[in-house]
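Beneath this line is the structure, given in structure tokens, with notes to follow.
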Amino acid sequence: MKPKVFIALPIPPQAEAFIAEYCEYRKWDFKEPIPRETLLKEIVDMDGLLMVGGDIDQELLNCAPKLKVVSNISVGYNNFDLEAMKKRSMLGTNTPSVLDETVADLVLALVLASARRIPELDRYVKDGKWKKGSDGNLYGVDVHHATIGIIGMGRIGEAIAKRAKYGFDMNVFYYNRTRKIKAEENLGAQYCTMEELLQKSDFVVLMTPLTPETTRIMGHREFSLMKDTAFFINASRGQTVDEQALLEALVKGKIRGAGIDVYEQEPIDPEHPLLKMPNVVTLPHIGSATEKTRLDMAMLAAKNMVQALKGEQPPNIVDELRGVRT
Ligand SMILES: NC(=O)c1ccc[n+]([C@@H]2O[C@H](COP(=O)([O-])OP(=O)(O)OC[C@H]3O[C@@H](n4cnc5c(N)ncnc54)[C@H](O)[C@@H]3O)[C@@H](O)[C@H]2O)c1
Ligand SMILES: O=C(O)[C@H](O)CO
């Protein structure tokens, strides 16, 4: 008998076809996220669950006595209650590596857009405000040869460092909970404390996973250490930042601007004061959102799940569930 799988969001046909070869499945095929109550009912008889973002907690596990594997179509897995999953010997997988270059491109786009005021000046032209002789007010700051500080030098952090070093001749500093000697050798990245990084950088990029240790890792104190001329870029998770502290730093001119892809609440309230700031570039959590990368992520997630249900070791069991600490 084929194992049973619930697919909790629309996925590309190739990934669905791959799952169909090995599994029986039901799916949620609507644009709106599946309501939690519906998900809890759907998974009652399931062996596998393919999803993105929804909480995998004790309540969900209690509703799914047969469940053996949860496959996230994302590299971040802060939606997993790892302790509850460990107690049930539940496998949890993610989609690392296939999105590194795509997310790094987007981070550099946020760096450039913030420094050169791209969205603000796009609006300026389209609103008919461009007059001869007005360009003295339109200056930004250079990205090339500036100093970038990367907090969280993992797979994506290294792809950002590569672009910064070899594309823009930037000085690269990083802070990570462990030192990355290879990144230092290959990318000329210099390790420093988080305080030093905040004090030295023209662009501070946050790229850690969301964990209890990284929750609000950027708060009032951290923004106060940054240069008044510096920019803050966040593509990790919204909860890694105290958004009120970020807003205050921007309003008081403690930092010069920000580029943000992720928020404490998503979607962010359209009335949120951060969205009223001209020096804040905002995106709707699209770090990995290109056609190819999203397909690669869905295929990898499908393969992780099928492999687990065949009784094999899927390649991307999340670090904590296989006892790895990077
Ligand atoms: N905006 C987006 O669309 C998007 C896309 C992909 C990933 N992400 C986020 O980026 C995160 C990183 O992805 P990755 O593939 O590079 O992960 P990774 O595991 O390769 O890298 C994370 C790095 O952070 C470090 N780290 C962890 N806790 C730390 C701490 N307390 N202090 C300092 N360093 C710490 C780790 O040692 C590791 O080197 C994901 O977990 C996800 O939350 C966002
Ligand atoms: O973690 C990830 O892969 C991205 O944030 C997409 O959800």
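Where a number appears in this text, it was derived from the coordinates with a stated rule and is not lab data. Just so we're clear, the structure is a prediction, and the values are computed from it rather than from any experiment. Methodologically, a virtual Cβ is constructed for each residue, glycine included, from the backbone with ideal geometry; neighbour enumeration extends over all protein chains shown.
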- Message: Give me the dipole magnitude in Debye, nearest 20, for segment 100-282 about the Cα centre, with unit charges on the beta carbon: positive for Lys and Arg, negative for Asp and Glu.
- Response: 420 debye
- Over what distance in Å are the Cα centres of segment 47-73 and segment 250-326 separated? 19 Å
- Taking the dipole about the Cα centre of segment 100-282, with the C-beta of Lys and Arg at +1 and of Asp and Glu at -1, give me whichever of T193, I160, L121 is farthest to the positive side. L121
- Message: Among G257, V141, Y77, which residue has its Cα furthest toward the positive end of the charge dipole of the chain, with +1 on Lys/Arg Cβ and -1 on Asp/Glu Cβ?
- Response: V141
- Task: May I ask you to compute the full-extension gain from Y139 to R179, defined as 0.36 nm times their residue separation minus their alpha-carbon distance, rounded to one decimal in nm?
- Result: 10.7 nm
- Going highest first, how would you order 315-322, 268-275 by mean Cβ packing within 10 Å? 315-322, 268-275
- Over segment 100-282: Rg over Rh, Cα atoms, Kirkwood Rh: 0.97
- Query: Do any of K182/K276; K129/K292; K66/K292; K86/K180; K31/K227 go past 31 Å between their Cα atoms, and which?
  - Reply: K182/K276; K129/K292; K66/K292; K31/K227
- Fraction of antiparallel bridges per DSSP, the chain only, in percent to nearest 5: 5 percent
- Note on the structure: Candidate span helices, the chain: DSSP H, at least 24 Å along axis from Cα coords, Kyte-Doolittle average at least -0.5, result 291-309
- Would you tally the net charge around P278, using a Cβ to Cβ cut-off of less than 13 Å, leaving P278 out, and scoring K and R as +1, D and E as -1? +2
